[in-house]
Amino acid sequence: RYLSSHSLQDVLSDTTLPLPIVENVLQLKTFELLNYISLQISPEKFQNLINAYRDKYPFQELSFDSLRVEMVNRYNIPLDDFIPRWYKAHDIPSYIVKDLKVQKIESDKNELYLLAFNIYNNSEIDGIISTSTVTNPKRQVYYDIPAGTSWNIREMHETDIPALHIDLNLSRNIPSGITIQSREIMEVIPPPAVGKFAIGNQSFLPSPDEII
């Protein structure tokens, strides 16, 4: 991929690049910026902020810097450190995802499922992933996966068909999405802790006696 060795700064300064490449890069980097914002506030709150900002300054041409100040004042979203890295990064993250599973949770009231997986960012650049249920694709949860770290992610869902889509977003991974789905009889477990939990990288490394 072009962004695995070039930055947004490179793209905007290279007048020889074909327009489709420029447009594709701009779209990918815009999604990356929106994903970062979604780590701080929900997409609905961000849309409300944009609407209020637009209504506050109708028919005016405004800089991104003025929007950045508005975001800090209203939601304390820190962009000063992120924007330079986002603009100048010459690499994109890559991930190893394993131990994907679906388990039924003991419950007297609802059909509850635990959807879980482990993920390792085996690159030198931070990344953001998101998850959504197949039955409710608009309900997305975003996770920051810093470079060189591993995490166990567990989500509880109420759904008829236990299925989770993991979007690795802007990354070296092909394909960039994974779906966990199970229609079979599965293990039933007590209500577990859910969230994002740090784990060691050892489980992602080959065993000492493994031949590569």
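The values are calculated or read from the model by the stated rules, or taken from the named source; none is laboratory data. Being a predicted model, the structure only gives us computed values, none of them experimental. Please note: Cβ atoms are built from the backbone with ideal geometry, for glycine as well, and neighbour counts cover all protein chains shown. In case anyone asks, the SASA skips ligands and DNA or RNA and just uses the protein heavy atoms, side chains included. Shrake-Rupley method; radii C 1.70, N 1.55, O 1.52, S 1.80 Å.
To the nearest 20 debye, what charge dipole does the chain have about its Cα centre, counting +1 at the Cβ of each Lys and Arg and -1 at the Cβ of each Asp and Glu?
Taking the Cα centre of the chain as origin, the dipole is about 300 debye.
Are there any GluC sites (Glu not before Pro) in region 86-186 that are in a DSSP loop and have at most 11 other Cβ atoms within 10 Å? List them by number.
Here the sparse-neighbourhood loop sites are 106, 124, 184.
Of the cross-linked pairs 29/98; 109/196; 109/138; 104/196; 56/138, which ones have a Cα-Cα span greater than 23 Å in the structure shown?
29/98; 109/196; 109/138; 56/138
Quick one: plug the Kirkwood hydrodynamic radius of region 37-104 (C-alpha pairs) into Stokes-Einstein at 10 °C, 1.306 mPa s, and report D in µm²/s.
106 µm²/s
Hey, if we sort 128, 92 by accessible area with the 1.4 Å probe, largest down, what's the order?
128, 92
Computed from the mean reciprocal separation of all distinct C-alpha pairs, what Kirkwood hydrodynamic radius does the chain have, in Å?
19.5 Å
Given Cα positions, please report Rg to Rh for region 74-187, the hydrodynamic radius being the Kirkwood one.
My calculation of the ratio gives 1.04.
Lys and Arg at +1, Asp and Glu at -1: add these up for the other residues within a Cβ distance under 14 Å of residue 148 and post the number.
-4
State which stretch of the chain is the longest one without any exposed trypsin sites (Lys or Arg not before Pro), exposure meaning a DSSP loop state and at most 11 other Cβ atoms within 10 Å.
1-108
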